[in-house]
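K.L.:
What follows is a single structure, and I will ask about it in a moment.
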């Protein structure tokens, strides 16, 4: 039943705002946007949300990546590619996510 509803209607946009309306306290410094980049891909936003507001991105950039991190980064980069040359509305990732 829930799977069918999500498939037909999709997930509620701006859910995090609704969630906070249920009494959860939001961190003062919390933001789901990456500072300085207004054209951030939604997958980037999700990765930053998962890492949390306390994650030190500058320190992470200075450390060498392991195999899993390199593979994940490659998937993120491929996901940003347009579905076809000249396509501005859909990426490979958005197409796969829609079909999934």
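The values are calculated or read from the model by the stated rules, or taken from the named source; none is laboratory data. The shown structure was predicted, so the numbers you read here are calculated from the model rather than taken from an experiment. Cβ coordinates were reconstructed from backbone atoms using ideal geometry, including for glycine residues, and neighbour counts include every protein chain displayed.
K.L.:
Enumerate the pairs (first residue in segment 59-71 and without any contact (Cβ under 8 Å) to a residue 60 or more places away in the chain; second residue anywhere and assigned to a helix (DSSP H, G or I)) with beta-carbon separation below 8 Å, excluding pairs fewer than 6 apart on the same chain, so at least 6 apart or on different chains.
P.N.:
Qualifying pairs under 8 Å: 65/73.
K.L.:
For residue 79, indicate whether it is in contact with a strand residue (DSSP E or B) (Cβ under 9 Å, 6 or more places away or on another chain) and modelled with pLDDT under 85.
P.N.:
So residue 79 passes the test.
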